[in-house]
1. Residues in segment 56-66 that are touching a Lys or Arg at 6+ places or on another chain (Cβ under 8 Å) and part of a helix (DSSP H, G or I): how many?
2. Give segment 67-91 a look and list any residue that's more than 15 Å from ARG130 (Cα to Cα) and either outside any loop (DSSP other than H, G, I, E, B) or more than 8 Å from the ligand (Cβ to nearest atom) (or both), or say none.
3. Going through segment 45-55 one residue at a time, which ones are surrounded by 17 or more Cβ atoms within 10 Å (Cβ to Cβ) and either more than 7 Å from the ligand (Cβ to nearest atom) or not in a helix (DSSP H, G or I) (or both)?
4. Quick check on my filter: what residues within segment 96-108 are in contact (Cβ under 8 Å) with a residue 12 or more places away in the chain and either in contact with an Asp or Glu (Cβ under 7 Å, 6 or more places away or on another chain) or more than 6 Å from the ligand (Cβ to nearest atom) (or both)?
5. Six or more apart or on different chains, Cβ under 7 Å: which pairs go from a residue in segment 117-130 that's over 16 Å from HIS59 (Cα atoms) and assigned to a helix (DSSP H, G or I) to one that's at pLDDT 95 or above and within 10 Å of the ligand (Cβ to nearest atom)? Could you list them?
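The values are calculated or read from the model by the stated rules, or taken from the named source; none is laboratory data. Just so it is clear, the structure is predicted and the values come from calculations on it, not from any experiment. Cβ coordinates were reconstructed from backbone atoms using ideal geometry, including for glycine residues, and neighbour counts include every protein chain displayed.
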Amino acid sequence: MLHHWKRVSLSSAVFTLGVLGYGGAQSQGVPASASPPAATPASVAAGQRTYDQFCAGCHGPAGKGNGHGGESGPKPADLTAEKLAHGSTDQEIFKVIKNGVPPNYYMVPWEGQISDEDIWNVVHYVRTLRSKP
Ligand code: HEC
């Protein structure tokens with residue numbers, strides 16, 4: 001009886017550890033609850049470099065959606081719009097850049113190509129585009 005109980009509790013402890021371990025690995029991605037790093041002049045400048053390299057081709061140098069890319073799909077989004085179709089908060093913009101826009105992914109996922117830190121920098125830069133006329 002006692003012996004049996006011990007075995008059960010041991011395996012549930014292992015199970016719990018497994019779940020915690022999995023949760024730990026998950027949190028290396030950025031969970032929705034993570035608070036974004038604050039925008040600084042340096043992060044905006046870094047974001048602009050990443051934007052010019054990876055995004056301007058489609059979204060245009062000023063984010064107006066008038067770049068050359070995306071001919072086969074929908075027009076690249078105008079990132080200066082006050083309201084973005086896929087969400088206007090920093091977190092939502094972060095997710096769009098990281099995960100792309102389903103189901104066709106004309107807006108491709110940048111995970112693996114741009115680090116989370118640089119995606120946040122781009123989010124900060126994209127926000128500065130919005131206030132321009
Ligand atoms: C190959 C062309 C292409 C490239 C490169 C590209 N995008 Fe996009 N992007 C699109 C298209 C097309 C959409 C609209 C997708 C849709 O609505 O289905 C879009 C949508 C978005 C949206 C959502 C806008 C909204 O209205 O909700 C954001 C934000 C965005 N892109 C940011 C970026 C950033 C930042 C980069 C660079 C890291 C980037 N994109 C690179 C084509 C591109």
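1. So the count comes out to 0.
2. Result: HIS68, GLU71, SER72, GLN91.
3. Across segment 45-55, the qualifying residues are ALA46, GLY47, GLN48, CYS55.
4. Once the filter is applied, which keeps residues that are in contact (Cβ under 8 Å) with a residue 12 or more places away in the chain and either in contact with an Asp or Glu (Cβ under 7 Å, 6 or more places away or on another chain) or more than 6 Å from the ligand (Cβ to nearest atom) (or both), segment 96-108 yields LYS98, ASN99, ASN104.
5. Here the result reads ASP118/THR50; TRP120/PHE94; ASN121/GLY47; ASN121/THR50, each pair linking segment 117-130 to a residue that is at pLDDT 95 or above and within 10 Å of the ligand (Cβ to nearest atom).
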